[in-house]
Each structure stands twice: as structure tokens, then as C-alpha cells.
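So the structure is just underneath, and the comments pick up after that.
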Amino acid sequence: MWKKQQFDVVVVGGGPAGSTFARIAARGGLSVLVLEKDRDIGVPVRCGEAVSDAGLRIFHEPRDRWIKSTITRIKLVAPNESSVEFDMKEKGYILDRRIFDYDLADMAVEEGAIVITKAYVDGLLIDNDYAVGVKGTYLNEPFEVRAKLVVGADGVESRVGRWMGIRTQLKLKDMESAIQKTVSGIDVEPDRFEFYLSKKWAPGGYLWVFPKGRHMANIGLGISGNYAREGKAACRFLDEFLEWKYPQASVLTTVAGGVPVAKTLKQIVANGLMLVGDAARTVNPMTGGGIISAMRSGLLAAETAVELIKNRKDLHMKNLREYEHRWHKIGGRNHERYYRLKEAIFRFSDDDLNRIASRIAAVSVDDRSLLKLFSIAVAQKPTLLIDVVRLFARL
Amino acid sequence: MIRIEENKCDFCGCCVGLCPTDCIEVKEAVIEIDDDECVDCDLCIFICPIEVLSHVEKTAV
Ligand SMILES: Cc1cc2nc3c(=O)[nH]c(=O)nc-3n(C[C@H](O)[C@H](O)[C@H](O)COP(=O)(O)OP(=O)(O)OC[C@H]3O[C@@H](n4cnc5c(N)ncnc54)[C@H](O)[C@@H]3O)c2cc1C
């Protein structure tokens, strides 16, 4: 019984970050327990479910059962409802995260990890200034579990880091207030992402239509916390859009959520503790995409944990910093560039966006690419140039 | 202090991500705010995507 055991690692949260950490750590020979507060792994799906093929392949050969749609084109809709379309260099997918997240957890189990749902963690066991386990409730009964290392993979609502004194609170402007409905009974192009950019649809963010086949789509939006402050909540924007565009749609799922569009926290480790995924703020702040980066941070953290625990090293933060360094080195600089791009793009006025769209429309279809798009955006705001060049030089 | 419409809440935890005093607790289908810790900054009200939270004066309760 997991409650009576002692583990090398206890992971709080069974999303992509937690499951990836658990799989790699268990494969490396560590005993790992994953505690998830919800009834099911993967549900509710607070996510548009979009990933790139290349990103997914870093970790897994895509399985058919994960994929609802394969995407090869993007359509951008400007505030004046003019639109431009272009082909993507690399394909993307709309996943079914109920199945995907479930499989990720199961893969961790195959490597020897133990996963438990309905286990809510509400505090740490702390000894000599080291995290040495967690406490919480399982089906309303209190429990304590001891471990050498605690991993906070507890998402946007993460509190695990705070219990060791890491300041994880986001600024209002660094959180997108988001809502999504999975609607059916509509007609959509099954191979095309659609993005609506305008203050009227999603101020300080964007609205997405991600197809799940020809008659179903995830339709959602995020608005910047700064705009949310003005008093009109995300749900109102989405209702207005659906009323205008798809008044007959059936709504099969509704979820609310927060997307941390922040820089990754500088400090993502403490004594006996690591933060991964949304808890560490690893979401790409420009796109809001966080599945792959959550998995990547889980992988990096697990590699460091295996190395240290196998060699019986002290889990002092100065040793765990190896993970922090690697994350900031691999993802960090681009992450900050994306952050600056986000800040600039979300400041474009609707007139700017209309102008950019009409300039892209003037480019022949074969020459359209994301790089071209950003080049045009740069012409609108020259200070973006350096970030755009650096980002695309590496892609 | 903050009033919660529990029947409306989706338990997404967006408010927890912002709360400067960490006084909000969101479980699978329970949300609680510790009024003694709350500093009435209202950030949780602003960020809530579905208008679950609102401000009420302490004396009104
Ligand atoms: C509306 C919306 C749309 C999005 N669309 C996309 C998209 O299209 N593509 C993309 O790549 N990303 C998208 N994202 C972001 C993406 O969903 C996240 O970045 C990703 O899920 C992060 O994975 P994670 O494992 O870090 O956290 P999560 O998937 O959030 O997992 C954290 C887990 O921890 C559990 N937990 C939390 N606290 C506790 C506790 N105290 N005890 C036990 N368990 C706990 C939670 O229940 C949860 O299951 C979107 C986000 C939102 C809100």
C-alpha cells in the first residue's frame, strides 16, 4: 500500500509534466509515487489540445488513438474579418488529451511508477529545511508520505513551491483568463488551425478554433489579466463569438482555465524540491502552448533527479540547480524572446492587425510563412526585429 | 471579502495562481477562501473566466 511506503520521489500532479517526470525517473531506477487530486487522469481537459508533430516526437511516436485531427494550415482572421491563410512547414495535431494524458500516466506505470488518483496534497513534510514528503487527504482520510524528493507538477494552481518559500504568484498581466467549449454540429476544415486576433474577440490574447474532425472543434479564448480587470469576463467574449459565428452549435464540454504566459520562474528548485511544467511557468508565453514544454521540463528534472539520487548525493538546492541551469539554458533564452514578442503583439491595436493582415494577403501564397508574418509585424514595430531574427534563426 | 458562487465554479485554479497571500484552496470540487488571510486585492475576481467571485463588505455578512 502506497501510504505505508517510503519513496525516492513523490510527484504532486498527474498531468504531462508529472507523468513524464515519473516515467523517466522510474526508468532510471527510482521508486516514484504520483498523487493526483482528481478522479481521473486527463479529465477535465482544460486545453485546446494542439501540439506540433516535431514537439511530440521528442518524446513519443504519435499514436493514432491520441490524434483527433492532423493540421497542415493556419488561418488568421483580422479584426475587420479579412483573413489570410498559409501552409505550415511542419504539421501539428489536435490531441484527445483524455486518452493522451491517460497513456502518459500508464507509460510511467509500465516503468514502475505508482499513480494514485483522488489524492489531494495540502502540505509538505519539512525536516531541517528540506522537503521530505507530502501530506494530504485520500478519499477524505489524512495521509503522509515520505520521500527523498518532492516534485511539484501541480499545474497553474501550484502551491507546492510556495510551501518551500518560492514565490510563484503570477502578475495579473502574466495570466490569461481562458475558457473553452468543445462544440459540435458545425462545419470546420479538419486540417486547419484558426486564430481570431482582435480586441473585440480576445483582448490581450486570441481566440482559437481547433478542429476535431469536420463537425467538431475546440473553440476557446484567453484574455490578458490586464483586460480582464476591465470587468468583462472571458466567458462573455466566448458567448458573443459563438452567438455570432455558430449560433446553432451544441456544446459538449465547457472548461475554464488559466494560462501562465510568464517567464519561467528563476528559482524552480529548493532543498528536496523541484517544480516542473505549468508549476514552474514553462508555457510558451506567446502561443500559450504548454504541453510539450511541460514534458520537456519533466524530462530534464527527472534526469537530474536520477543522477543525484543514484549517486546518493545531497538533494540540497545547489545540487538540484543542475536542472534549473539546464532548463534555462535549453529553453530559457527563447522563452524570454517569446515573452517579449507576446508583450509587443498583444499591444498591437486592431488597426495595426488589419494592416498586417492586408500586407500578408499581398504576399503570394507560396511565400507565406510564420517568418514572413513576423517580418511584416516587425515592419509595424521595428523593436521586435532582434527577437524575431534570433528566434527564427534557430527554428 | 470575497463571495464565491460555488455552484458556478469550475475549480480551474486560475485564482490560486495569482493570489498573493495563498489564501485560496481549490480541491477537485471544493473552493475555499480564508477570509483572515485575504487582503482584498481582488485579483481573483478579475482573473476568473466565468464570474464566480465577487466582492462583499465584511459587515454585510
Ligand atoms: C484553455 C486552455 C487551453 C490550452 N491550450 C493549449 C494547447 O492547445 N496546446 C498546448 O500545448 N497547451 C495548451 N494549454 C496549456 C496546457 O494545458 C498546460 O500547459 C499543460 O497542461 C501543463 O501540463 P502540467 O502537467 O504542467 O499541468 P496540468 O496538466 O495542469 O496538470 C497538473 C495536475 O496537478 C493536479 N494537482 C494540482 N494541485 C494538486 C494537489 N494539491 N494535489 C494533487 N494534485 C494536484 C491537477 O489536478 C492536474 O491534474 C492550454 C491551457 C488552457 C487553460
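The values are calculated or read from the model by the stated rules, or taken from the named source; none is laboratory data. It should be emphasised that the depicted structure is a prediction, and the values quoted were computed from it without experimental measurement. Neighbour counts are summed over all protein chains in view; Cβ atoms, including those assigned to glycine, are modelled from backbone coordinates with ideal geometry. When the accessible area is computed, the model is the full protein with side chains, heavy atoms only, and any ligands, DNA or RNA have been set aside. Shrake-Rupley method; radii C 1.70, N 1.55, O 1.52, S 1.80 Å.
Numerical summary
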quantity	calculated
Convex hull of Cα atoms in the stretch A:197-278, direction-averaged projection (nm²)	7.7 nm²
Within 10 Å of each Cβ in A:158-166, the average number of Cβ atoms from other chains	2
Distance violations [Cα-Cα > 32 Å] among A:68/A:318; A:89/A:329; A:212/B:8; A:263/B:58	A:68/A:318; A:263/B:58
Residue B:54 - accessible surface, heavy atoms, 1.4 Å probe, Å² rounded to 10	40 Å²
Potential extension, residue A:325-residue A:372 segment - 0.36 nm per residue separation minus Cα distance	13.6 nm
Alpha carbon convex hull of the stretch A:89-204, volume per residue in cubic angstrom	217 Å³
Filtered trypsin sites (Lys or Arg not before Pro), the stretch A:154-198: DSSP coil and at most 16 other beta carbons within 10 Å	A:167, A:171
Nearest-ten-degree value, helix A:97-110 long axis tilted from longest Cα axis of chain A	30 degrees
Where Rh is the Kirkwood radius over Cα pairs, Rg/Rh for the stretch B:2-55	0.89
The stretch A:317-353: trypsin sites (Lys or Arg not before Pro) falling in loop per DSSP and having at most 14 other Cβ within 10 Å	A:347
Alpha carbon convex hull of the stretch A:1-153, projected area averaged over orientations, nm²	12.0 nm²
Alpha-carbon radius of gyration plus Dmax, which is the widest Cα pair, for the protein assembly as shown in Å	21.7, 67
Gain upon complete extension [residue A:53, residue A:169; 0.36 nm per residue less C-alpha separation]	38.6 nm
Cleavage-rule hits (GluC sites (Glu not before Pro)) in the stretch A:73-140: DSSP loop, at most 11 neighbouring Cβ within 10 angstrom	A:81
Top of A:334, A:354, A:80 by mean-square fluctuation, Gaussian network on chain A, Cα under 10 Å	A:80
Inter-chain Cβ neighbour average for residues B:31-40, partner chain, 10 Å	0
Over the stretch A:1-87, volume per residue of the alpha carbon convex hull, in Å³	151 Å³
Cysteines without a disulfide-compatible partner [chain B; Cβ-Cβ under 4.7 Å]	B:9, B:12, B:14, B:19, B:23, B:38, B:41, B:48
